[in-house]
Amino acid sequence: MNAVNAAGWRPSMGGVGEAGGVPPTSSGDYGLMLEEPLSFELGAEGKCGVDFDAADRAPAAGLSKFLRKAPPALPGLTEPEAVRHYTRLSRQNYAIDLGPFPLGSCTMKHNPRLNESMARLPGFADVHPLQPQTSVEGALEVIEQLADWLITLTGMASVAMSPKAGAHGELCGLLCIRAALDARGEERDVVLVPESAHGTNPATAAFAGFKVQSIPATPEGRVDLEALKAKLGPNVAGVMITNPNTCGLFEPDLKRIADAVHAAGGYVYCDGANFNAIVGKVRPGDLGVDAMHINLHKTFSTPHGGGGPGAGPVVLSEALAPFAPLPFVTRGADGTIHLVEEENRGEGHAQAFGRMVAFHGQMGMFTRALTYILSHGADGLRQVAEDAVLNANYVLRTCEDVLPAPFAKSGPCMHEALFSDAGLADGISTLDIAKGLIDEGFHPMTVYFPLVVKGAMLVEPTETESKAGLDRFIASLRSLAERAKAGDQSLHSAPHFAPRRRLDETLAARKPVLVWKGDAGEPAAS
Amino acid sequence: MRYLPLTPADRTEMLARVGADSVDDLFVDVPEEARLSGPIEGLPMHASEMAVERHMTALAAKNLSAGSAPFFLGAGAYRHHVPASVDHLIQRGEFLTAYTPYQPEIAQGTLQVLFEFQTQVARLFGTDIANASMYDGSTACWEAILMAARVTRKGKAVLSGGLHPHYGEVVRTMARFTRDEIVSLGTELAAEPDDAAVIGAIDDATSCVVVQYPDVLGRIPDLAAIAEAAHARGALLVAVVTEPVALGLIEAPGALGADIVVGEGQSLGVGLQFGGPYLGLFGCREKFVRQMPGRLCGETVDAEGKRGFVLTLSTREQHIRREKATSNICTNSGLCALAFSIHLTLLGGEGLAQLAALNHARARAAFERLTRIPGVELLNSVYFNEATLILPRDAREVVQELAGRKVLGGVSLGRLFPVADGLGKGLLVAVTETTTDEDIETFATELESLLVGVPA
Amino acid sequence: MTRYFTEDHEWIDVEGDLGTVGITDYAQGQLGDITFVELPEKGAAVTKGDSVSVVDSVKAASDIYTPASGTITEVNETLADEPELVNTDAEVGGWLYRMTLSDAAELGSLMDETAYKAYVESL
């Protein structure tokens, strides 16, 4: 291998100025390890990377009392400076394009580039959300075709496409439940949530005006069916279940749970964050689910983009379908596509609970997801789930002898393998393993989640890792586990080879510095 | 399958290693009666890149794209020219395919961009601080109302009649479930926004008053007067900016006394995209920081004392506070924030001012020409790059007919305000630097021929 | 002055009908570096067991439940700038708030120092 800085040397390791060592560079950069100042420190007021057409620019007379006194205090960069600034910054990020990104429950899979180029076709990227329907029939057809796939893949009756992300989809599903209860004239105010649930579930339930009650887990990491049944009653609006659950296990009792909840007059919300494990293998609709959001940025490969944008369509059962929010796209019996908005809601969607977003939702994500779905087809999507589950089980079984796997005895896992830090040497924890993985050239797994397992490490390799790539990751994880058991204290100060060492989060939270004030360019607000 | 690296031999070897006879053994927890035995029937099988490209291109071709016709739509989504370098940079895999920066040592690129973005938004809005973005302008608007309720411990929000009706619908939908009280003022076809009505609606129970600037009809409210009235009653002013380019020309809402400023950042860097993904902007006073929704990036140092950035104050967020979180939002709109930030870095403050002046100049040229059509009047006394025309007949039909002639001639108020009376003849027309003289002339000619029967 | 403890690791010093409330040294150790303390409002009437304050560390936010009922009379303003006092001096300088007690009988259900020490050791 012909790597630059193959030994991973950095100034913090010493050697600089020592006998035979290397003196520090005068730039502060080391080969391809490049530092980059803030754009505000690079730019100059008055500089600009955009040229404009000539025009007479005097503002209209009436506008004078509204004019700002000076341009915003924003330094500009010319194009070469800007391209270099952002390119240098990009190199301080880890990304799927660089290697495995096994964040449990996040489904960091490869993002196909065909999706990107299709989303950029002017017919999709350069259309306005309020154009007359006759001029956007192709866009509405994308929404309708994707909706049709999502409905078929999940075995549900309908789908609300507009939610902007998973948590927004959850909220949409719970509001459908609220609207359905209102229509029945019932005041049910309790939502049951398993204690292993992602924090978003109780946050969303509270946001939708419900009281949250927790359901315990069994020692095997599943929802305790009997404990759940004991809580059902006339005040229970529904239950929020994640399936496969946050321990990476399928809930075999989901149908029985759903039957019990339905018999008690409630609805079943399924958190679809982990749909990647079961797409094409089982349809949630067959298990009694009433609503489930689908993170297009997980199962259907739209890019995470450093934290969004996501997209969170919600599939709905017959019981909840009438309440889906506006706008709503339907295909009539004659094959024509209709956009239902406020002005025509009376035509077939009169019970919509309202509107969650301006315009139509995440169209740019719909084109990417549809492109991905068409690429894989029904057979490929099934293979996605199978390979994702196989890869996770492979990680589980090749590491369980060196890292405790609390539910390994429960049988196979689904798309993610759960480990804990029990049994490591004193003082060495999950965090140290995670930071050690950074030094090994990998992104860490999800750590300290789910909360029901102490020192949890949740590894989701996804189906887009090759066996050879997994073997390299496994070798690193095993080596770290062994170093941790042997009490290797150097793990405490890992990472040693990243663009930054461990960052002081306490300082950041005690005295928050959220904007740059280095030029004393204080904001105008008093 | 081009996206699946495992070979049949790999699968066999791996199954043996995990002790399973077949992959179905790994799905034993799925009840057998629910397990599908093969690919779902009736759906197409996998397809080549070329075949998918054909399918998607055919769908795209059914749309009339903004760049292929005279185009005058706005109403919360604006067509601006985005420098080529923006899209090139956001497609770098290190930005495109990274996750939320939970491991800051290997996410300084994303984090530093967010810190720069927060600074840019705060300076653009004239607020002390800003967050790392939200879903879009409408959801940011609702989050601002919730935050105002936390800050003031009061639960009644007043929405001005100039607020985008979709934003108002989002707020009323959510408030119905959270049981917050919302007072929605009516929208009238008047040359200036009814600031007096807004001020008159504020009482001691009011948590905040929500005012769009410029408003949905393109008019400009007097934020300073409204801020003063709100503060006198212990209420906050939430300013909503759906066209951030306007702030290159008109005063920043924070400088006029707005306590929270939210907006839609789509205009810079993001593009139209049929409505999403867009970019929610959120700025406010520093003293409200712990009541703020959304992610925040903060400056700190690493173990060697080097400057670095982390996500901070996360105890406000859903994954820690669970049912006590300030918001249930997990994601921001990271890649759109990056695009916005790059575009604004290329412009700088001077460039933004020039861009704004150019938009205004193009709009003046357009409205001068359009109001020469008999029967067409300009409603606004002032405007930035968007204003309302009053037509002699229902604007909804006119827009449809114009589309039939391949002219995208604005947004009818009848579509935006389906239940309001008296707005039907209103046509909202936006003009940006992308609008050419030829576009204006074609639009004017076609509109005139529709309205007065002059053959085109 | 008498000091009482709760199972949620708050302490209260009682003198006549006045009480001073904080969290124990054990609790601050469990929370780690404290970054922010959200204090109750002066004049607020509170009932024993109410969540009246929140102590934030980097990764957690912990509710503080008032050990007694009464009215808040004073809060520790120093914590606004120096939340770390709760780490360095939890049981003296890092107090959270003072209150007048409305029902001295409530104190009977709290632990004394010996009982609290035994309780912590049992955890």
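Please treat every number below as a calculation from the coordinates, not as lab data. Being a predicted model, the structure only gives us computed values, none of them experimental. Positions of Cβ are generated from backbone atoms using ideal geometry, with glycine treated the same way; all protein chains shown enter the neighbour counts.
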Legend entry - lysines whose Cα lies under 23 Å from that of A:K467, excluding same-chain neighbours fewer than 8 positions away: A:K109, A:K281, A:K298
Legend entry - Nitroxide proxy distance, nm - points 7 Å out along Cα→Cβ at B:A196 and B:D421: 2.2 nm
Legend entry - chain A, Cα convex hull volume normalised per residue, Å³: 220 Å³
Inset, instruction - Scale the Cα Rg of chain C by the rule-of-thumb value 2.2 N^0.38 Å and send over the ratio, two decimals. - result: 0.97
Inset, instruction - Place the peptides A:454-460, A:34-40, B:303-309 in order of packing, highest mean first, counting for every residue the other Cβ atoms within 10 Å and averaging per peptide. - result: A:454-460, A:34-40, B:303-309
Inset, instruction - Write down the percent of antiparallel bridges among all DSSP beta bridges whose residues are both part of the protein assembly as shown, to the nearest 5. - result: 70 percent
Legend entry - Size of region A:62-157 as Cα extents on the principal axes (Å, biggest first): 59, 46, 24
Inset, instruction - May I ask you to work out the translational diffusion coefficient for the protein assembly as shown at 20 °C, viscosity 1.002 mPa s, via Stokes-Einstein with Rh from the Kirkwood sum over Cα pairs, reported in whole µm²/s? - result: 70 µm²/s
Legend entry - Cross-link pairs beyond the 20 Å C-alpha cut-off, checked among A:K435/A:K485; A:K435/A:K517; A:K454/C:K59: A:K435/A:K517
Legend entry - Rounded, prolate or oblate (a/c below 1.5 giving rounded, otherwise prolate when a/b exceeds b/c) for region B:330-377 by Cα gyration tensor: oblate
Legend entry - Derived scalar couplings ³J(HN,Hα) [region B:234-244; Karplus, 6.51 cos²θ - 1.76 cosθ + 1.60; whole Hz; x for Gly, Pro]: x, 9, 9, 9, 9, 9, 10, 10, 9, 10, x
Inset, instruction - Counting only C-alpha contacts under 8 Å and six or more residues apart, can you give the relative contact order of chain A as a whole percent? - result: 17 percent
Inset, instruction - With the Cα gyration tensor of region A:115-370 in hand, give its eigenvalues times 5 under a square root as the equivalent ellipsoid semi-axes, listed largest first in whole angstrom. - result: 31, 20, 15
Inset, instruction - Shielding by partners for B:331-340, please: the mean number of other protein chain Cβ atoms within 10 Å of each residue's Cβ. - result: 6
Inset, instruction - Just the Kirkwood number for region B:84-343, please: inverse of mean 1/r across all distinct Cα pairs, in Å, one decimal. - result: 18.6 Å
Legend entry - chain B: C-alpha pair distances exceeding 40 Å, %: 30 percent
Inset, instruction - Work out the mean other chain Cβ neighbour count within 10 Å for the residues of B:255-264 and drop it here as an integer. - result: 2
Legend entry - Alpha carbon Rg of region A:385-510, scaled by the compact-globule rule 2.2 N^0.38 Å: 1.06
Inset, instruction - Could you go through region A:314-321 in sequence order and give the Karplus-derived ³J(HN,Hα) for each residue, using 6.51 cos²θ - 1.76 cosθ + 1.60 with θ = phi - 60°, rounded to whole Hz, and x for Gly and Pro? - result: 10, 7, 10, 7, 3, 5, 9, 3
Legend entry - Along each principal axis, Cα extent of region A:351-448, largest first, Å: 57, 33, 33
Legend entry - Under-5 Å amide H pairs with B:K62, H placed in peptide plane, nonlocal only: A:G138
Legend entry - Residue mean of other protein chain beta carbons inside 10 Å, B:166-179: 5
Legend entry - Cross-link reach list, aspartates and glutamates versus C:K117, counting only Cα pairs under 12 Å and skipping chain neighbours closer than eight places: C:E7, C:D25
Legend entry - Whole-Hz ³J(HN,Hα) from phi, Karplus 6.51 cos²θ - 1.76 cosθ + 1.60, for region B:56-63, glycine and proline x: 5, 5, 5, 5, 4, 5, 7, 9
